[in-house]
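Okay, so here's the structure we're looking at.
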Amino acid sequence: MKYIFISGGVISGIGKGIATSSIALLLKSAGYKVTPIKMDPYLNVDAGTMNPIEHGEVFVLDDGTETDQDLGHYERFLGESLDKNSIATQGSIYLSVISRERNLEYDGECVDVVTYVTEEIIKRIKDAGRASNADVVVIEIGGTTGEYQNILFLEANRLMRLKNPEDVIHVHITYLPIPASIGEMKSKPAQMSVRDLNAVGIQPDIILARSEKPLDLSRIRKLSITTGLEPENIISAPDMDSIYKVPIGFENQNLTERLLDKLGLKREGKDLKEWREFVEKIDSVKDTVKIAIVGKYFATGAFTLVDSYISVIEAVKHASWNLGLKPEITWLDSGKVLDNVEILRKFQGVIVPGGFGSRDIEGKIAAIKMARENNIPYFGLCYGMQLAIVEYARNVLGLAGAHTTEVDPDTKYPVIHIMPDQKKKMLERAYGGTMRLGAWDCKLKAGTLVRSLYGKEEISERHRHRFEFNNDYLEKFMKSGLVIAGTTLDGQLVEIIELKDHPFFVGTQFHPELKSRPLSPHPLFVGFIKAASNVT
């Protein structure tokens with residue numbers, strides 16, 4: 001088994017996740033079985049308890065593991081579903097070591113950070129490879145070189161390379177800024193980044209040089225001299241208008257050949273045909289479709305963090321490009337929509353994505369009412385479905401004050417309530433990893449829109465929620481015209497709702513965006529974009 005470690009320097013958000021995904025795709029296209037793994041330096045056991053505004057989207061896997069958003073990139077680029085072996089936080093690693101110590105599995109030894117924690121990291125990496133029978137494991141090291149938080153991951157890298165130098169290589173992503181006041185690309189931060197890596201005993205084999213523009217020969221030569229790498233091992237990684245073009249840019253610079261050569265492997269195949277065709281389609285689209293995403297996890301100080309809903313955004317792109325359309329996505333803070341709901345008339349479709357808590361909920365409900373009453377295609381995801389139920393109860397069924405008990409525990413009409421098994425967990429404050437998580441089977445009702453879009457009776461989709469449709473109100477909703485389009489196989493939980501006599505009004509308790517792929521857009525998003533654009 002071969003191993004590629006990927007680190008980043010100078011700044012956070014440099015693109016390690018996209019680089020890892022791209023390298024995994026290139027090696028897969030070369031004929032090898034590849035598995036990626038994210039090593040995250042935070043002490044949270046998983047990403048499930050983190051604030052999306054600060055950390056970005058929580059991406060849920062089929063097995064229910066709550067992960068970093070980079071796992072979403074891995075799945076989208078590889079076109080494969082991953083599992084818990086593809087994520088390892090420092091918190092989960094420490095938890096494993098401490099649990100084993102408590103169980104006397106170290107036979108009374110003094111348990112030190114170096115040796116025991118690094119051994120656990122190496123074990124996780126090798127287990128990930130074995131679990132998927134991989135030829136190559138690609139390991140993304142979170143954080144930035146020079147920080148103390150990820151030093152143990154780098155030490156694990158050093159130890160693995162020391163024992164098997166022919167099987168382990170290191171790719172370092174660094175940054176060459178172009179200060180506006182100077183107008184010249186500066187290489188010194190990249191040089192210092194590599195020096196930080198050298199200081200912990202690692203010499204990179206390949207540098208991916210990130211910058212706004214492609215590197216010129218002068219910078220490549222300077223980096224070659226100061227870092228000790230041959231010029232051909234310095235790959236330019238300029239900004240691109242689509243992340244899906246990154247693998248093509250790397251392939252055109254022979255990165256695949258450089259990686260294979262350093263690992264002692266030969267190309268077994270070369271198949272980026274579908275990916276190239278997909279990228280060409282992105283550039284060829286002309287007609288636009290205007291979509292509003294009404295959410296509350298955008299604002300962070302004076303900035304907007306679209307990473308909170310990155311899978312939704314990518315799913316909209318996949319479906320739009322597949323239909324020959326260019327998506328124009330506008331992010332609307334639900335707190336501001338309430339006072340200006342008429343703004344939604346400018347858009348061809350409205351999405352209310354997932355979320356938690358009471359903040360700015362009335363803005364979302366107002367947006368849903370606007371979409372329902374004015375025949376604007378609407379797609380509600382998880383909380384977006386639950387709030388569609390609340391809106392319908394209030395404004396169609398006449399149940400004034402109807403709500404979800406998540407927001408109003410004392411509401412007279414609890415049309416959305418906590419799942420019975422979740423109530424005890426909440427009383428015990430058992431928040432981490434306790435929601436209804438992962439892939440669950442769903443049965444679709446014959447004759448519904450969603451059944452026609454999926455083209456089959458049973459589906460499997462990923463969930464992340466504690467609250468559900470209250471079946472005490474089921475008959476009242478159905479009599480009024482609301483369609484229960486999908487349920488769990490036993491019929492006990494409502495999974496999808498839709499409205500007849502509307503261009504597209506669908507709510508899902510699950511998160512379909514998590515299974516959308518560039519080469520295979522999710523059918524519900526395709527249906528939504530079709531309705532929004534009037535594509536037949």
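Bear in mind that the values in this text are calculations on the coordinates, not laboratory data. Remember, predicted model here, so these are calculated numbers, not experimental data. FYI the Cβ positions are ideal-geometry reconstructions off the backbone, even for glycines, and counts take in every protein chain you see.
Relative to the dominant Cα principal axis of the chain, helix 16-29 is inclined by about 80°. Our summary gives the range 97-175 a relative contact order of 23 percent, counting only alpha carbon pairs under 8 angstrom and 6 or more residues apart.
Where does each of Y74, Y42 land when they are ranked from fewest to most other beta-carbon atoms within 10 angstrom? Write down the numbers at each step before the final one.
On the way: Y74 27, Y42 17.
With the sparsest Cβ surroundings first, the list reads Y42, Y74.
Looking at the square roots a ≥ b ≥ c of the eigenvalues of the Cα gyration tensor of the chain, which shape do they give, rounded for a/c under 1.5, prolate if a/b is larger than b/c, or oblate? Can you show the working numbers first?
Numbers: a/c = 2.04, a/b = 1.55, b/c = 1.31.
Prolate is the answer for the chain, as a/c is 1.5 or above and a/b outweighs b/c.
Among L154, L493, which comes first, second and so on when ranked by fewest other beta-carbon atoms within 10 Å? Kindly include the intermediate steps, with their values, before the conclusion.
Working: L154 25, L493 18.
Ranked by crowding around the Cβ, least crowded first: L493, L154.
Average 1/r across all pairs of distinct alpha carbons in the range 2-278, invert it, and you get the Kirkwood radius: 19.2 Å. Over all pairs of different C-alpha atoms in the range 51-174, the reciprocal of the mean inverse distance, the Kirkwood hydrodynamic radius, equals 16.1 Å.
I need the shape label for the range 285-533. Rule: rounded when a/c is under 1.5, else prolate if a/b > b/c, else oblate, with a, b, c from the alpha carbon gyration tensor.
Because its axes are fairly even, with a/c under 1.5, the range 285-533 counts as rounded.
For the chain, the relative contact order comes to 15 percent (Cα pairs under 8 Å, sequence separation of at least 6).
Placing +1 on the Cβ of every Lys and Arg and -1 on the Cβ of every Asp and Glu, with no other charges, gives the chain a dipole of roughly 880 debye about its Cα centre. Per-residue ellipticity at 222 nm computed for the chain from its helices equals -10500 deg cm²/dmol, with DSSP H segments shorter than 4 residues left out and the rest contributing -39,500 (n - 2.57).
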